[in-house]
Every structure is written in C-alpha cells, then in structure tokens.
Amino acid sequence: MACNRPDYLERTIQSVLKYHSEVASKFPLFISQDGTNEDVKSKALSYSQIKYLQVIDIASTMAAYFLFSIDFLLFIKHLDFRPVQTDRPGELIAYYKIANHYKWALDELFFKHNFSRVIILEDDMEIAPDFFDYFEAAATLLDNDKTIMAVSSWNDNGQVQFVHDSNILYRSDFFPGLGWMLTKITWDELSPKWPKAYPFISTELVDGIHYMASVYDENSRLNNLHLMRERSLIGSSMGQFFRQYLEPIKLNDVHVNWKSMDLSYLSEDNFRKYFAKLVSDAKPVHGPDLVLKTKNVDGDVRVLYDDQSDFDRIARQFGIFEEWKDGVPRTAYKGVVVFRFQTQRRVFLVAPESLRQLGI
C-alpha cells in the first residue's frame, strides 16, 4: 500500500524481494498506489520491464488504475478526485483517503483477481526472513478456524525486552493492524461495512460477524521504523512514543521451520485451554512495587487489574503499551495481556472477568 513515499517504498520492495524469489509463484506482489505521485509510480515501474500497460477510466471523478505485469509483480493505481466529506469538523482528510484506498485495493484483489487470501503491507516496512513461511503456515489455520478474522505479523508489545520465543503465537481480541492476512470469505462480509475513515477492524465493523480473533507472533515478522524515525524528530511527544514503543521492536532474525510446526493449539477451544493453564500456573503478584516483586519470582506471574486506569498504571510500571481500542488493551485475549519479563518468564496482566472467561 503506497501513496507518496518513494524512498520508503523502495526499502519495502527491496526487503520483500530479498526473501521472495523462492516463493514468487505462491505470492504474487501488488503495489497499490493511491494518488498521482510520479516518483512512486516511477519507483514501482523501475523494478521490471513493462509487458503491457492498461488504462481503465471508471469515471472522471472517481477512479482509474494502471496495471503492469511481470512474472510476479503488478502495479495498480487508485485515483479518486471526489471531495472528501468528513463526519466531524477538524478530522484529517487523509484518514478518509487511506480507508478508501484500502477498500478499493482489497476489492480489486479479492473480487477482480479472485485471490483467496491477501497479505497487506504498508510502504514503510521491512520483513523477517521467515515472513512468507509464517503466513503460508498460518493460512491453513485461517482457513480451518472461522473464528479467526486475521493473522498478523506484528506484536504491539514486541519490544526486545518483552519477547523471547520466535516459535510462539497467540490469539488476541485486539486487531494488530500491521502486516496482516485475511481471506476472501472474511472480506465478503467486511467490504460492505468498511468504514469511511480509520480503517482498523473494530467492534462496530465486525458486529454480527462470527470472525473476531486475530493471531499474532511473539517476535514480529516486520518492523516499520523508517517513517517513525523521521517523525520522531518532529515534536517531543512523537519522539518519546517512538523511542519507548517502536524503536525497540525486535524484528525476528530466526528462520523458523513453520512447515514442521503444529499450530492446532491456536484453534479456539484448544487455545483457551492452553492459555488458561499458563495463566493458572502463574504466581499471583499484587500490591506496590510490582516490577520488583516480579523480579523476585522464579517463573511466570500474573497481576490482576481492576479497570482501564488501573491497567494503565501497571502497564506504565513495566513499560508496555497503555492504549485500548473498543475497550480492549493492545494484544489482549479475554482481557489478559501477556509479555516476557527478563527473558523467559511471562507476565500476565489479568482483568477481573478474565479468570471466569478462561474457566479458571
């Protein structure tokens, strides 16, 4: 997904092509550009000789696209000249344009090209060595478990101090929103309800749809540091956000043999039992000085929080993300947020209703 950043697009394409040659027939690449930036178009076209160029005018004020094709890479271009009407005064028009681009591109790939699955990357990302193997293995899980809406390659709490195991995946009720894969069956239901702005999968969007969970990896298979590194120089608040949450994200550097991995523990029933045992076996820790008390425990710990403000207070002590969306903390499953502490041990932040939901 690209717009007007040719330098970042180039880094992303180079990162993808580094690991793409062996899987090109399985993973055709599309570059979808929103807008008229000629440098982005030239950068995309520079990666191959054009075999053919097709121009389709859908409407002079709506959209058109250009398409070129080589063995595995195609370029599509979205243009929309209609004026944007925001729902509330002061909203950024860019959020509406991004949402519109996402819907158009996914409609193109699922409905026009009839792909059964699509992986979405933005133009400021680098991928890990086992990125494609990870998604190929996860595809079977996504096809077989209709409670899973998307598989993501991003862990919001994937900072180097909070991760340990490249093999471990988790279910979450929070949609990660970066480097994610979904199926055509899912998009058939989401496309008519896609929001005009803020294109993340929310409770409102999936209301009445049986797909709710996401799967994410403990060690992220991508990072998106390039743009944030520049933005971090603009204003102290953005700089602090970058330094605390994004700069330390660990990009997985281990090539996991995903073909040999049994991912059946991630099915809905299996994972609830598996996760419940992890939480149940963890030693309860409470009171002041939670970090110090956790350091003195040999093994996993669990910490109960009362509400969102209490969660924020505890999360701040450990340094993990405090943000919630739609009443769900980042990465949470049944209200439980898990991260590593001092390498191998896990810390579980547990909501009041979590133990009951997990059957503990």
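Using the structure shown, list the pairs from K146/K196; K146/K325; K43/K77 with a Cα-Cα distance above 18 Å, or answer none. Where the Cα-Cα span goes over 18 Å, the pairs concerned are K146/K196; K146/K325.
Between Q14 and D298, what is 0.36 nm times their sequence separation minus the Cα-Cα distance? Round to one decimal in nm.
Result for the pair: 97.9 nm of gain on full extension.
Taking Lys and Arg as +1 and Asp and Glu as -1, the other residues whose beta-carbon sits under 11 Å from that of V40 total -2. Cross-link reach is defined here as a Cα-Cα straight distance under 15 Å, omitting same-chain residues fewer than 8 places apart; for K18 the aspartates and glutamates meeting it are E10, E126, D130, D133, D253.
Shape summary: the range 267-357 maps onto an equivalent ellipsoid whose semi-axes, from the alpha-carbon gyration tensor, are 19, 17, 11 Å in decreasing order. In percent, rounded to a whole number, the relative contact order of the range 267-357 is 27, using alpha-carbon pairs under 8 Å and six or more apart. A Förster radius of 25 Å combined with the Cβ-Cβ distance from K259 to F111 puts the calculated FRET efficiency at roughly 0.20.
Spatial offset of the range 281-360 relative to the range 102-145 amounts to 31 Å, using the alpha carbon center of each.
No value in this document is a laboratory result; all are computed from the given coordinates. Note that the structure is predicted; figures quoted are calculated from it, not measured. With ideal geometry, Cβ positions are generated from the backbone for all residues, glycine too; neighbour counts draw on all protein chains shown.
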